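J.: To start, I am sharing the structure in question, which I have written as structure tokens.
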Amino acid sequence: MKQTPRELGYRFPAEFEKHESTWLSWPHKEASWPGKIETIYPAYSFFVKLLAQSEKVNINVVDDAMKAFAQAQLDKVGTDLTRVTFHFNPTNDAWCRDHGPAFLIHDQEKKKAIVDWDYNAWGGKYPPHDLDDIIPTRIGKTLSLPVFNPGIIMEGGSVDFNGKGTILTTTSCLLNKNRNPTLTREQIEKYLLDYYGQEQVLWLGDGIVGDDTDGHIDDITRFIGTHTVVTVVESSKSDENYALLQENLKLLRSMRLPDGKPLEIIELPMPDPVVYEDQRLPASYGNFYICNRYVIVPTFRCKNDHVALEILQRHMPGREVVGIDSTDIIWGLGSFHCLSQQEPAV
């Protein structure tokens, strides 16, 4: 029987550990931003510009035409294109957090590997997803890295890590019958621990309203240190997110890490509701991305934007916190964290 990554000494690092690069899949699926995909490119390109100032950037594109289009968009905002590498890996969609490679590191042997989880577009909601499903293995071949295939459905946005053995996730997503209906909670936990190389799984409940992923953790609660999480809370008791976020806050307060210590919990406000074509969108400041130099935060043209940025800057002093308007991007039901996947340095 083949050894698991955990048995071989691999682990999935925290996002706040040092990166070698960030991986992206260039947005091209008009159905993900119906009627307004062209409006997302300025903000998306500025995101890439900041990443390129921080670390190398790898972007999956379908063909030469898409590469040329992407280069033109990035050039408009002054991106250093010498820091950007394009890879001809055709994708169905742009959500690289969920279909991209889960990079593992081996601390002692200074080497990397990739986990290629199965991918079904959040419970089969958005077919086809055949191209996205094989992206990690394609990248593994490009980088000449070993690739592990657990054989179950898993998305990168459904898990968050503290770098010291702990995974945060939600029952609403990972226990949803549209993912792995034949597996129990205990079996899913074992896959997480074995293939991410971790010690414990901490479970929150529901995700925010409007989240079509069935409750990804990266919209609600994120590790910013080995013992510290930021978690979004809704101040208005009449808002439909209020009760579920209070329940998650209560669960976080009861949790203990493997060393027995409780979590340090930083509360982050929610933005005003973002509604487009009568649809409540999953706008959250929790969907930030941590790269080497910056914390890149989605903003939504409301009063809490600067409050959220100030809180994150106060608690993450080693990086510059930068807000980018995500009002158009969130029409795709995700933001900067959903669009990116980090490749750790070894």
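J.: Hey, can you tell me all the residues within the range 248-274 that are within 15 Å of Asn304 (Cα to Cα) and either touching a Phe, Trp or Tyr at 6+ places or on another chain (Cβ under 6 Å) or charged (D, E, K, R) (or both)?
T.: The answer is Glu267, Leu268, Pro271, Asp272, Val274.
J.: What's the number of the condition Gln313 fails, among (1) surrounded by fewer than 18 Cβ atoms within 10 Å (Cβ to Cβ); (2) in contact (Cβ under 8 Å) with a residue 60 or more places away in the chain?
T.: That leaves (2) as the condition not met.
J.: Which condition does Thr169 not pass, out of (1) outside any loop (DSSP other than H, G, I, E, B); (2) closer than 21 Å to Leu263 by Cα; (3) among the hydroxyl-bearing types (Ser, Thr, Tyr); (4) touching a residue at least 60 places away in the same chain (Cβ under 8 Å), if it passes all the others?
T.: (4)
J.: So is Ser25 over 17 Å from Ser326 (Cα atoms), touching a Lys or Arg at 6+ places or on another chain (Cβ under 8 Å) and either of a type in the set (A, V, I, L, M, F, W, C) or crowded, with 18+ Cβ neighbours inside 10 Å (or both) or not?
T.: no
J.: Here's something else I'd like to know. Which residue out of Lys112, Lys67, Lys164, Lys141 is surrounded by fewer than 23 Cβ atoms within 10 Å (Cβ to Cβ) and part of a loop (DSSP other than H, G, I, E, B)?
T.: Of Lys112, Lys67, Lys164, Lys141, the one residue that is surrounded by fewer than 23 Cβ atoms within 10 Å (Cβ to Cβ) and part of a loop (DSSP other than H, G, I, E, B) is Lys164.
J.: Moving to a separate point now. Quick check on this structure: which one of Asp239, Asp259, Asp272 is modelled with pLDDT under 95, surrounded by fewer than 18 Cβ atoms within 10 Å (Cβ to Cβ), charged (D, E, K, R) and in a loop (DSSP other than H, G, I, E, B)?
T.: Asp259
J.: Let me ask another. If I go through the range 184-196 residue by residue, how many of them are within 18 Å of the chain's Cα centre (by Cα) and either more than 30 Å from Ile329 (Cβ to Cβ) or of a type outside the set (A, V, I, L, M, F, W, C) (or both)?
T.: 2
J.: If you don't mind, another one. Could you list, in sequence order, all residues of the range 204-236 that are polar (S, T, N, Q), surrounded by fewer than 23 Cβ atoms within 10 Å (Cβ to Cβ) and either outside any loop (DSSP other than H, G, I, E, B) or free of Cβ contacts under 8 Å to residues at least 12 places away in the same chain (or both)?
T.: Selection gives Thr228, Thr231, Ser236.
J.: Mind checking which pairs have a first residue in the range 240-263 that is farther than 21 Å from Gly163 by Cα and a second that is of a type in the set (Asp, Glu), Cβ under 6 Å, 6 or more apart or different chains?
T.: The qualifying pairs are Asn241/Glu234; Tyr242/Glu234; Leu244/Asp206; Leu245/Glu234.
J.: With respect to Glu189, determine if the residue is under 23 Å from Pro101 (Cβ atoms), in contact with a strand residue (DSSP E or B) (Cβ under 6 Å, 6 or more places away or on another chain) and among the acidic types (Asp, Glu).
T.: So Glu189 passes the test.
J.: Kindly indicate which of Asn178, Asn89, Asn120 is out of contact with any strand residue (DSSP E or B) (no Cβ under 7 Å at 6 or more places or on another chain) and farther than 19 Å from Leu193 by Cα.
T.: Asn178
J.: Something else: Can you pull out the residues in the range 1-56 that are closer than 18 Å to Gly100 by Cα, part of a loop (DSSP other than H, G, I, E, B) and of a type in the set (Asp, Glu)?
T.: Across the range 1-56, the qualifying residues are Glu15, Glu55.
J.: Filter the range 125-142 for residues that are in contact (Cβ under 8 Å) with a residue 24 or more places away in the chain and farther than 21 Å from Cys173 by Cβ and give the result.
T.: Pro128, Asp130, Leu131, Arg138, Ile139, Gly140, Thr142
J.: Name the residue, out of Arg319, Arg280, that is under 22 Å from Phe16 (Cα atoms) and of a type outside the set (Phe, Trp, Tyr).
T.: Arg319
J.: Filter the range 173-187 for residues that are touching a residue at least 12 places away in the same chain (Cβ under 8 Å) and either under 24 Å from His227 (Cα atoms) or acidic (Asp, Glu) (or both); which is surrounded by the fewest Cβ atoms within 10 Å (Cβ to Cβ)?
T.: Cys173
J.: Look through Gly323, Gly334, Gly318 and report the one residue that is surrounded by fewer than 16 Cβ atoms within 10 Å (Cβ to Cβ) and either in a loop (DSSP other than H, G, I, E, B) or in contact with a helix residue (DSSP H, G or I) (Cβ under 8 Å, 6 or more places away or on another chain) (or both).
T.: It is Gly318.
J.: Separate question: Does Leu193 fit the bill of being at pLDDT 95 or above, of a type outside the set (Gly, Ala, Ser) and either in a loop (DSSP other than H, G, I, E, B) or more than 28 Å from Phe88 (Cβ to Cβ) (or both)?
T.: Yes.
The values are calculated or read from the model by the stated rules, or taken from the named source; none is laboratory data. All values reported here derive from a predicted model rather than from experimental measurement. Methodologically, a virtual Cβ is constructed for each residue, glycine included, from the backbone with ideal geometry; neighbour enumeration extends over all protein chains shown.
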